[in-house]
Structure formats: structure tokens, C-alpha cells
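Structure first, commentary second.
The values are calculated or read from the model by the stated rules, or taken from the named source; none is laboratory data. Keep in mind that what you see is a predicted model, and the values were worked out from it rather than measured. Virtual Cβ from ideal backbone geometry, glycine too; neighbours counted across all protein chains shown. With ligands, DNA and RNA removed, areas are computed over all heavy atoms of the protein, side chains included. Shrake-Rupley method; radii C 1.70, N 1.55, O 1.52, S 1.80 Å.
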Amino acid sequence: MAKIDSFFRYLISCKGSDLHLSEGQVPKVRVHGAVTPIPDQEVLQGESFQNLLAEICDAKAFNNYLEGGDLDFAYEMDEDSRFRCNYLKQQNGLAAVFRLIPTEIASLESLGVPEAVKEFGHMRSGLVLVTGPTGSGKSTTLAALLDYININFNRHIITVEEPIEFVHRNKRSIITQREVPIQTPSFADGLRAALREDSDIVLVGEMRDLETISLALTAAETGLLVFGTLHTNNARKTVDRIVDVFPANQQSQVRTMLAASLRGVVAQLLCKRVDKPGRTAVHEIMFATPAVSAIIREGATQKLYDVITGGKNEGMQFMDESIWSKLREGMISPEEAYMKAIDKTRFKKFLPENLASLGEASGENPMAH
């Protein structure tokens, strides 16, 4: 048993999501969004801390980290506990952050993902983007969507990840998981190779550079179903981000390609719950209708808001609608709704400092609606 396992056990026992170890500080854990120190622990320092990190890591990779300063890999403590590990250097020395990866892949229903998202699993080609800030559960949602495909369809699915988080077992589909940089040098290399590996579906863990995004668009155009992730908060920003990655003289061509190949965007945020401990996901969902494709070609992404809000019958949903329904159900606080909303004016009147004056003016409880 590795020495570091005692910290992992503590993380699991308090239902935390992340373990933070940093030279010059005591160990800390993130539980339901808040970071707190592990009680009765000494400050991490020197050789003993370096040995603690080295124990669970490949020796060659660890030496590269000591020279280069960054390392990503996965560590399996036991069959029920896997961790995504990120080693870094900071001003006081070494540091590491570990994310607990559930070994059981949750279903889309249990995650509270809207039913419409299953539609993406039925598609045969095109680009589907799952977006949101770091730690918003994009990987979890994508794993659930791949599992839905795995249960219901005979497909060959290739994932290119850094590192592999959720381990999929073959059900009706064949799933080939490749880790960057161990089994393939980069996301772009993994994606390029997938075109020659008789794949139906490719999951690209991160679309972070021009080459990867360009290859993803090409793969989607040539008949693969490509799932990718971006760190954007809503559908409009997602479309803008993809186009903006390219040089100005290529952008109109990219808009045409994206209009043809994009099948949809699922943007996800996590909100802190007030009805019980934990967090709940809110979603924006956009399907690429002819109107959406025309808007992307024109470069008039500000018009997407009207299409999404008017597309409820097609399963579309604007982020603020999802936030509003969670607020109405009493699952999240007005402050949380206001912080996460796109159109803040809609939620401002429900903030505590505004409630009293609103109630006096109308003579009723403003939250009763």
C-alpha cells in the first residue's frame, strides 16, 4: 500500500472530489465545491513529499516531471478507486492535484441530464460538443453518453484522453481507449489515426488547439461521429471559440464547415445545492437545425439565443431556463442562480437584498412563483 493511499481514503470517506497536496502546506480536500485542510496533518515538505509523489508514478515519467514541471496520469488504488493525477511545480516546490474518478459509470438519468441529450447517441456522423468550465462534469456526462451508446448500439468507439478517466467495458459496442501521451503522442495524432481504425465514433478528450479542432471538423465531415469538449459556458461562446481558433483568412471557410458538421452543443455547469449537500448540473442544449446552420454560416451567433429559446419542441434549452427551473424547485439559492446565469437581470430581483423591497412593493412573496 502506498503512503499516499491514506489521503485518498480520507477523500473517499468524506465524499470529496479532489485532493490537493502542495509543498509548504498541509494536505487539503475539496468537498461539495469547498476546499478545506485535512485535520491533524503536518506541512508537506522536502524529500519525504517527493517520495510520496514518486511512489505511485512511473519512474521515467516522474523524472520527466522533475525536469519539465507537469505530468498527467491515472492511478488505481483498488478496483473501486481511480484517480486522475496532475503533478505540477509551484513557487514553494512540488504540488499535485488528484480527482476521484467514479468507477461505476452513472446513467444519463441518474445525472439529471435532459432526455434530449440521448439524441446525440443515435446520430451517425457529425460533431457534438460537450462544454463547460473545469470541474463541471463534462467527462462524467460524456462517459454516460458513451455508455448509453455501448448498451444500445453496435459501434466501434475510440476515445483519445489525457489521462483515461472512466474505464469502459465492451457491451454491444467495441470501445478502444487510448491515453495521451502513452498510447498516442497527442490528441491530434490519436484523432488522425482513428480515421484509419474503422471507427464509428471518436471521443476527443480536449479540443485545445487548431490542429485538433481542424481534424475533428474533417473527421465529422467524412462520416464519423465526433464527441469533443471545450471550456466554454454556452452554445454561442462554443461556436465563436471554434471559429476564433483559426486565422482570420480561414474563418469563413471554417464557419461553412462547422455549419455543415456541427450536430449540437451541450453546455453544463454545476450549481451548489441548498436542499441537501452536493451539487446539481444545469444544461444548455442546442441542436443544429437549418436555422442554426444558417446563423453559423453568417457568423451572426448573437441570433442563437432566439433559436434556442424558440426550439423547446426540438429538445433545445437555454442555460437560464435550466437555472430558473432549479431555483423554482428550491434546489439552488438565488445567489447561486444569479452567479451562474447568463442574463443576470432576470435573477437579480430574487437576491436577498432585493427581496424585501420587492415584497413590500407587490405585497406578496416574490419566491412564491
Within region 1-101, DSSP-loop trypsin sites (Lys or Arg not before Pro) with at most 15 other C-beta atoms within 10 Å are K3, K15
Looking at L203, A2, Q250, which one has the Cα that reaches farthest to the positive end of the dipole of the chain (charges on Cβ: Lys, Arg +1; Asp, Glu -1)?
Q250
So what J values fall out for region 4-19 if you push phi through Karplus, 6.51 cos²θ - 1.76 cosθ + 1.60 with θ = phi - 60°, rounded to Hz, Gly and Pro as x?
5, 4, 5, 5, 5, 5, 5, 4, 5, 5, 9, 6, x, 10, 9, 10
Given the protein chains as shown and a 1.4 Å probe, how many square angstrom of V97 are accessible, to the nearest 10?
40 Å²
Reachable lysines from K15, Cα under 22 Å, same-chain residues fewer than 8 places away excluded?
K3, K28, K138, K272, K276
Cα convex hull volume per residue for the chain, in Å³, equals 168 Å³
Sparse-neighbourhood loop hits (GluC sites (Glu not before Pro), region 144-222; DSSP loop; Cβ within 10 Å at most 12 others) -> E197
Karplus ³J(HN,Hα) for region 192-206 (6.51 cos²θ - 1.76 cosθ + 1.60, θ = phi - 60°; Hz, whole; x = Gly/Pro) runs 4, 5, 4, 5, 10, 10, 6, 8, 9, 9, 10, 9, 9, x, 9
Tell me, what ³J(HN,Hα) does each residue in region 28-34 have, in order and in whole Hz, if you take phi through Karplus 6.51 cos²θ - 1.76 cosθ + 1.60 with θ = phi - 60° and put x for Gly and Pro?
9, 10, 9, 10, 6, x, 9
For n ≥ 4 DSSP H runs only, could you compute -39500 (n - 2.57) per run for the chain, divide by its residues and tell me the 222 nm figure to the nearest 500?
-10500 deg cm²/dmol
Translational diffusion coefficient, Stokes-Einstein: compute it for region 1-125 using the Kirkwood radius over C-alpha pairs as Rh, at 4 °C and 1.567 mPa s, and state it as an integer in µm² s⁻¹.
80 µm²/s
Extent along principal axes [Cα atoms of region 142-236; Å; largest to smallest]
34, 30, 27
Only loop residues by DSSP count here, and only those with at most 13 other Cβ atoms within 10 Å; note down the trypsin sites (Lys or Arg not before Pro) in region 175-260 that meet that.
R196
